[in-house]
Amino acid sequence: MLVVMRLDASRKEIDTVKARISSFGFTPHEIPGVQRVAIGITGNKAKVDPEIFLTLPGVVDVVSVSKPFKLVGRDFKPEQTVITVGTGSFGGKEIGIIAGPCSVESRGQILEIADLVKSTGAKFLRGGAFKPRTSPYAFQGLKLEGLEYLKEAAERTGLSVVTEVKDVETLPLVAEHSDILQIGARNMYNFSLLEKVGELGKPVLLKRSFAATIEELLMAAEYILSKGNYNVILCERGIRTFETYTRNTLDLNAVPLVKKLSHLPIIVDPSHGTGAWDLVSPLAQAAIVAGADGLMLEIHSHPEEALSDGFQSLKPETFLRLMRKLHSVAELAGRTLS
Ligand code: PEP
Ligand code: MN
């Protein structure tokens, strides 16, 4: 349920409505809009009588929200959310580019890639330090050492760091060394982790699980917002289908669909979405035309030697070529690329 305030509602009137919501044991969520303030209500087990709020000063309407997701929905907040981190952003006119290796492998590797990413005007550096791997015998990441290299690369270049947080235990460490916390596809259903990053308030990149419906992705985001953290960027990274030529099937439907259902920014990861480096460039362009707010791209100086996901990583020259192309694609889509 959503309490819509009058255009000229005072601070006192807004606070009175919030106090009334709390007095019933529900949680008020103030949603500032360009036009007016609305207050979302969550935590109610049954339907709330709208009359309780309609009689309060400053209230213009009480709207019931039938969708399972509340705070992430356009019903609650019609205006697009723009998330600014460092010098870049997601959800505005500018397209946010996150690029880097799948895993941080060495200090030299990440410093070299960071310079390359920086040279294209991209604002975000990725690299996994805690890697969720299918096999327990596969490279698990450099852990703290990897985080320290990422931080050093960020300090040298001014790029912002996006890195995955695998569990609640390592969350404080990963948060200390990063600007955006990535929740990977395998953890999209880890509700305790979602709640914890919600409490922390740091920007989150939430990747869709390979078997999740779009509604499940939005409900996972709802966990984070319900704890007070509105800085969530969604990521389409491909889903599992019967197709075997590709690692995953990139579901570009998700982009315009999420735009319709939610105010949160959505970006696309064509690297995991295809699992094939030579498919990354066409799908990256298609994602922008479909309305994506950003891209996540895996790159590696020597993909054949990569410790993870080399087969889907772009070589520096291919990455540079793609970035040049993306400028005109962004323009076509009415967007800009820094
Ligand atoms: C990654 O970004 O390196 C990753 C592991 O992605 P996903 O969680 O989408 O598989
Ligand atoms: Mn990867």
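Computed from the coordinates by the stated procedures, all read-outs in this text should not be read as laboratory data. Everything quoted here is computed from the prediction, not taken from an experiment. Glycine gets a Cβ as well: all are built from the backbone with ideal geometry, and neighbour counts include every protein chain shown.
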Angle in degrees between helix 277-290 and the longest Cα principal axis of the chain, rounded to the nearest 10: 30
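Hey, fewest Cβ within 10 Å first, where do GLU105, GLU243, GLU298 land in order? Write out the running numbers ahead of the final one.
Values: GLU105 23, GLU243 9, GLU298 29.
So the ranking, lowest neighbour count to highest, is GLU243, GLU105, GLU298.
Just from its helices, what would the mean residue ellipticity at 222 nm be for the chain, if runs of 4 or more DSSP H residues each count -39500 (n - 2.57) and the sum is divided by every residue, rounded to the nearest 500 deg cm²/dmol? Write out the running numbers ahead of the final one.
Values: 11 runs with 117 residues, N = 338.
When only DSSP H runs of four or more count, the value is -10500 deg cm²/dmol.
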Unit charges on C-beta of K, R, D, E only; dipole of region 83-337, Debye: 400
Whole-angstrom gap from region 111-153 to region 217-246, using each part's C-alpha centre: 21
Rounded tilt (10° steps) of 191-200 against the dominant C-alpha axis of the chain: 80
Sorted peptide list for 304-310, 64-70, 36-42, criterion being average Cβ within 10 angstrom, highest first: 36-42, 304-310, 64-70
Dipole magnitude of region 217-287, debye to nearest 20 (Cβ charges: Lys/Arg +1, Asp/Glu -1, about Cα centre): 180
With Cα atoms, 0 to 90° folded angle of helix 107-119 axis to the chain main axis: 70
Principal axis dimensions, region 112-176 - Cα atoms, whole angstrom, descending: 36, 24, 16
Unsatisfied cross-links (Cα-Cα over 23 Å) in the set LYS67/LYS207; LYS143/LYS202; LYS118/LYS259; LYS18/LYS70: LYS118/LYS259
Peptides ranked, highest mean first, by Cβ atoms within 10 Å: ranges 211-217, 247-253: 247-253, 211-217
Taking region 83-337 and dividing mean pair separation by its residue count, relative contact order in percent (alpha carbons under 8 Å, at least six apart): 19
Proximal aspartates and glutamates to LYS325, defined as alpha-carbon separation beneath 18 angstrom and excluding residues fewer than eight positions away on the same chain: GLU94, ASP269, ASP278, ASP293, GLU298, GLU317
Region 42-126: relative contact order in percent, alpha carbon pairs under 8 Å with at least 6 residues between: 19
Long-range Cα-Cα pairs in the chain (distance over 28 Å), rounded percent: 42
